[in-house]
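Beneath this line is the structure, given in structure tokens, with notes to follow.
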Amino acid sequence: MKVALFITCYNDTLFPATGKAVVEVLERLGHTVEFPAGQTCCGQMHWNTGYQAEALPLLPRFLQQFEHAEAVVVPSSSCVAMMREHYPIMAERIVAEGGDTSLPERTAAILPRVWEFSEFLTKKLGLTDVGAYYPHRVTYHASCHGLRSLGLGDGPQTLLKSVRGLELVEIANLEQCCGFGGTFAVKNADVSSAMLAEKTRAVLNTGAEECTACDNSCLMHLQGALHRQRTGVTTRHLAEILAHTEADEEAEDALPTEVTL
């Protein structure tokens, strides 16, 4: 397929390795990946914090950049949830304000072709094994948008179970939020911190080396707590695990060991 990659703000500015990993996996599976250079934010930050008028121009921009693609793949369930749940509302509002009357129809046409990364692999392509190798003990955190808005179910875990060398350990209270929630963590810092503490304990109780998820926003929140506590546990986006191969492992093993004097 000809796949267009939509890179979220978090990945673009803070976690570029995730986008590269998505490309590696899809090209390894034989698909052609393009990156529309004129893409911008999906508008979630604006829409969810009350700046809805400022978010509206981002919808026609998205359509201009992506509506030609066979599939649009996004390594973030929160952005996909924004598109599926709010883009139709945005389109109707633009029309009501005297804007482009074609937007509702064009939006309805593209949304069935917009996929969260793991969802694209499991539900669109029908895959469970993408040829990955990752010899580590890993636990999976289900982000709220993926769990509740997109209904990803056990798709991400199924992909992880097929990774050679990987030991997947189940986390307690899988359905529990990590406490990030975008600006929720800023506006309700005490509540967010309490939720984060519970989720961090759950991660540590698994004995995992790493925690993975489909959203880098959740992982950033978790990594902050894990790092501050000096736990040694790290976080890594699902795409980066699925992109990893035996050749990558051999290359990492061949790197010189750092010596501290």
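The values are calculated or read from the model by the stated rules, or taken from the named source; none is laboratory data. Computed from a prediction, not measured in an experiment: that's the story for all the values here. A quick note on method: Cβ atoms are made from the backbone with ideal geometry, for glycine too, and the neighbour counts reach across all protein chains shown. Accessible surface areas use protein heavy atoms only, side chains included; no ligands, DNA or RNA. Shrake-Rupley method; radii C 1.70, N 1.55, O 1.52, S 1.80 Å.
Remarks
- DSSP-assigned coil residues among chymotrypsin sites (Phe, Trp or Tyr not before Pro) in the range 103-192, each with at most 10 further Cβ atoms within 10 Å: none
- Heavy-atom accessible surface of His31, to the nearest 10 Å², is about 30 Å², with a 1.4 Å probe and all protein chains retained.
- Its Cα gyration tensor gives the range 69-158 an equivalent ellipsoid. The semi-axes, each the square root of 5 times an eigenvalue, are 32, 14, 9 Å from largest down.
- Prolate/oblate/rounded label for the range 143-261 (Cα gyration tensor, a/c 1.5): oblate
- Cα point-scatterer Debye curve for the chain, base-10 log of I(q)/I(0) at q = 0.09, 0.10, 0.12, 0.17 Å⁻¹: -0.42, -0.52, -0.74, -1.36
- Principal-axis analysis of the Cα atoms of the chain puts helix 16-28 at an angle of about 90° to the longest axis.
- Sparse packing (at most 13 other Cβ atoms within 10 Å of the Cβ) combined with a DSSP loop state is found for the following GluC sites (Glu not before Pro) in the range 173-246: Glu175.
- With a 1.4 Å probe rolled over the protein heavy atoms of all chains, the accessible area of Asp12, Asp129, Asp248 falls in the order Asp12, Asp129, Asp248, largest first.
- Comparing Ala21, Ala185, Ala53 in a Gaussian network model of the chain, where Cα atoms under 10 Å apart are tied by springs, the biggest mean-square fluctuation is seen for Ala53.
- Between helix 216-228 and the chain: long-axis angle, C-alpha atoms, 0 to 90°, nearest 10: 30
- Accessible surface calculations at 1.4 Å, restricted to protein heavy atoms, place the range 54-100 at 39 Å² per residue.
- Across the range 137-254, Cα pairs under 8 Å and at least six residues apart give a relative contact order of 28 percent.
- Here the convex hull built on the C-alpha positions of the range 2-124 has a volume of 95 cubic angstrom per residue.
- With every protein chain in place, the range 137-254: carbon and sulfur % of accessible area (1.4 Å): 48
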